[in-house]
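First comes the structure, then the notes that go with it.
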Amino acid sequence: MKRRQVLAAGAACCASLLARSAGAQAMHYAAPERFGRPDIASDEGGLWALMDREEKGLRRSPLVLRDEKLKNYVQDIACRLGSEHCPDIRVYLVRTPLFNASMAPNGMMQVWTGLLLRMENEAQLAAVLGHEIGHYLQRHSVERLRDIRSKSAFGQVLSLFGLIGAVGQIAVAASAYAYGREHEHEADRIGAVLMHRAGYDVAEAAKVWNNLLKEVRAREGKEPEQTAPLFASHPAPPERRDILGQIAAAMPGGSRGDDAYRRHVAAHLDEWLQDEVKRGQYAESLALISRQIGSGFAPGLMSYYRGEVYRLRAEPGDQDLALADYRLAAQMPDPPAVAFRGIGLICRQQGQNGEAVQGFRRYLELAPAAPDAAFIQSYLAELGS
Amino acid sequence: MNRLLPILLVLFLAGCGTVRKMESGSHTIGERLAVSIDGSWNHLDFPGIKPAQVWTMEGIAVDELLIYSGIKDGQMMHAEGSAGGKQQNFVFRSTMQTEAIVAMLEGVMSRDNSVFKLTRLEPYRFGGRQGFRFEYEHIRKVDNVQLLGVGFGAVDRGELFALIYHAPRLTFFPRHRAQVEAMAKAAVIR
């Protein structure tokens, strides 16, 4: 057996043992009492003060979603998971099209919209929030801080904060207290317990990582650890998915909350999908959107945006795929107006002028004040209409 | 591009970047784009900024005029790796329709996860060629500043020419918008 095979077998064995151990221990977690504010002169107090400063700026950030209904919905989920720690958890939904969530030691929790776009139901969101609350309850960031400090790198971390000093750069701050693999496994286990106690289906936790794994793998030539920021310091998704699957087997039952989740995020999907498409990560976007179409989540809007991805990727055959998706979206009840614009754009390029004119006209009927209305009018003039 | 701001500040502080004053009058950008300016601009030069030229009126972290001159088919719209290699590289194709060009520019300007919202797209004669003009809102991720922007562009002989200007919405954009509009109006593609 080659050395690599031996190492792989060893890793698999360790993962399996860890999973069994985690499954057996999972039910016995006792959360600590609520944390008091640490002494400002202590290292933990300094970290809290730093995060307080970040949070003050975050409150004013134009990137924070001002939808109180959605915010309260996510806050309520965090409260169900955090139980007696609920009063200390403050949720901020941040418009950033990447899969990420973080929780600072002072109770500030950030959830990025790219993560919300990728969830299929409330239980999946609870899995991520529960994981972050697990870090918080175990004060992993403080342990991490002390670890960094012991390596004489804390000064560099502080200088990093000082240099950036920007509200929107909390991801940088998050990476400064990035956790090790043991912390991640522990947070996964605690998150699963919290999910179970709150009445969620723990099996959805494994699906989060499986879905993300598929998406990241769709990006040619990149391993998960090289792409999503959340993976940089986290255990590999396959390992994580497998361990969470085994933990879930020990805690069956629970609800998924498909309808509630979809109802709450529906008003933002258009904006989040726009942001997703602008990333230009077409393979990832196709994997994500196709998965959501398959799950029956907003099929009209999702089909339109998959068409947009094909149109902008512009590889051979993509025009036809885009047109098929635009037509699909246009046939849905309450179709998005932009689907007709998409039909017009592709048909114009393909010389199908009659259908192009129909598409453009329908688009302008449905969205007369669209930002590109003047440009579409020029196309209609060019097509002799 | 905004992802570069902290890096640029460090580069300037380290003396790796240069600032050159662009006086009123005519200037040729690249080989084929001529612009006339009324008033002085600062032309920033630093490693990794090409193929755009970056000009500013108020300073590096405030307003930004991006000038693209003669971008060829297959050419990248920003310096490779300038955003840490984690974002998509946007490449110009001479076969792109106007909407795809504007979408590409949106992608370039939101590579750092800044928020970009197109508010207007219309036909525009730029540099003597049939082109486009667009307006947008922009929330810069690095400092959460809300910007307004305006862009102009045209494709000629398979090459892209564009001017894009953005600045904080409350003071600086209204202050310099007319100058940029005049610059675009007088631009000539040779």
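The values are calculated or read from the model by the stated rules, or taken from the named source; none is laboratory data. Computed from a predicted model, the values in this text were never measured in an experiment. Cβ atoms come from the backbone with ideal geometry, glycine included; neighbour counts cover every protein chain shown.
If you go through the stretch A:241-282 and keep only what is more than 14 Å from chain B (Cβ to nearest Cβ), under 24 Å from A:THR96 (Cβ atoms) and surrounded by fewer than 16 Cβ atoms within 10 Å (Cβ to Cβ), you end up with A:ALA260, A:ARG263, A:ALA266, A:ALA267. Considering only residues that are among the basic types (Lys, Arg) and either away from every other protein chain (no Cβ under 14 Å) or buried (at least 19 other Cβ atoms within 10 Å of the Cβ) (or both), which ones fall in the stretch A:58-95? Result: A:LYS69, A:LYS71, A:ARG80, A:ARG90, A:ARG95.
One line per residue, one yes/no per condition, for (1) farther than 20 Å from B:ARG140 by Cβ; (2) part of a helix (DSSP H, G or I):
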residue: A:ALA41; (1), (2): yes, no
residue: A:GLY46; (1), (2): yes, yes
residue: A:ASP52; (1), (2): yes, yes
residue: A:LEU70; (1), (2): yes, yes
residue: A:ARG80; (1), (2): yes, yes
residue: A:GLU84; (1), (2): yes, yes
residue: A:PRO87; (1), (2): yes, yes
residue: A:PRO97; (1), (2): no, no
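The residue of the stretch B:108-148 that is farthest from A:ALA370 (Cα to Cα), among those that are more than 7 Å from chain A (Cβ to nearest Cβ) and acidic (Asp, Glu), is B:ASP112. Applying the condition of being without any contact (Cβ under 8 Å) to a residue 12 or more places away in the chain and buried (at least 16 other Cβ atoms within 10 Å of the Cβ) to the stretch A:368-377 and asking which residue is farthest from B:PHE134 (Cα to Cα) yields A:ALA373.
Among the residues of the stretch A:99-129, write down those that are in a helix (DSSP H, G or I), of a type outside the set (A, V, I, L, M, F, W, C) and closer than 17 Å to A:PRO237 by Cα. Hits for the stretch A:99-129 are A:ARG118, A:GLN124.
B:ARG169 meets each of the listed conditions (1) at pLDDT below 95; (2) within 13 Å of chain A (Cβ to nearest Cβ); (3) surrounded by fewer than 19 Cβ atoms within 10 Å (Cβ to Cβ) apart from (1).
Do we find a residue being modelled with pLDDT of 95 or more, touching an Asp or Glu at 6+ places or on another chain (Cβ under 7 Å), closer than 27 Å to A:ASN100 by Cβ and within 14 Å of chain B (Cβ to nearest Cβ) anywhere in the stretch A:336-346? No, the stretch A:336-346 contains no residue that is modelled with pLDDT of 95 or more, touching an Asp or Glu at 6+ places or on another chain (Cβ under 7 Å), closer than 27 Å to A:ASN100 by Cβ and within 14 Å of chain B (Cβ to nearest Cβ). Might you let me know whether the stretch A:350-367 holds any residue that is touching a Ser or Thr at 6+ places or on another chain (Cβ under 9 Å), within 30 Å of A:LEU212 (Cα to Cα) and surrounded by fewer than 22 Cβ atoms within 10 Å (Cβ to Cβ)? Taking every residue of the stretch A:350-367 in turn, none turns out to be touching a Ser or Thr at 6+ places or on another chain (Cβ under 9 Å), within 30 Å of A:LEU212 (Cα to Cα) and surrounded by fewer than 22 Cβ atoms within 10 Å (Cβ to Cβ).
Residues in the stretch A:40-57 that are more than 14 Å from chain B (Cβ to nearest Cβ) and among the acidic types (Asp, Glu) were compared, and the one that is farthest from A:ASP147 (Cα to Cα) is A:ASP52. Condition test on A:ALA324, is it within 14 Å of chain B (Cβ to nearest Cβ) and not aromatic (Phe, Trp, Tyr)? No; evaluated as a whole, the condition is false for this residue.
A quick yes/no check of all residues on (1) at pLDDT 90 or above; (2) within 14 Å of another protein chain (Cβ to nearest Cβ); (3) surrounded by 20 or more Cβ atoms within 10 Å (Cβ to Cβ):
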position	(1), (2), (3)
B:GLY48	no, no, no
B:LEU66	yes, no, yes
B:GLY74	yes, yes, no
B:ALA79	no, no, no
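Please specify each residue of the stretch B:89-107 satisfying the condition of being more than 8 Å from every other protein chain (Cβ to nearest Cβ), buried (at least 21 other Cβ atoms within 10 Å of the Cβ) and of a type outside the set (A, V, I, L, M). The answer is B:PHE92, and nothing else.
Tell me, please, whether a residue that is more than 26 Å from A:ARG118 (Cβ to Cβ), surrounded by fewer than 19 Cβ atoms within 10 Å (Cβ to Cβ) and at pLDDT 95 or above can be found in the stretch A:300-316. The answer is yes, given that some residue of the stretch A:300-316 is more than 26 Å from A:ARG118 (Cβ to Cβ), surrounded by fewer than 19 Cβ atoms within 10 Å (Cβ to Cβ) and at pLDDT 95 or above.
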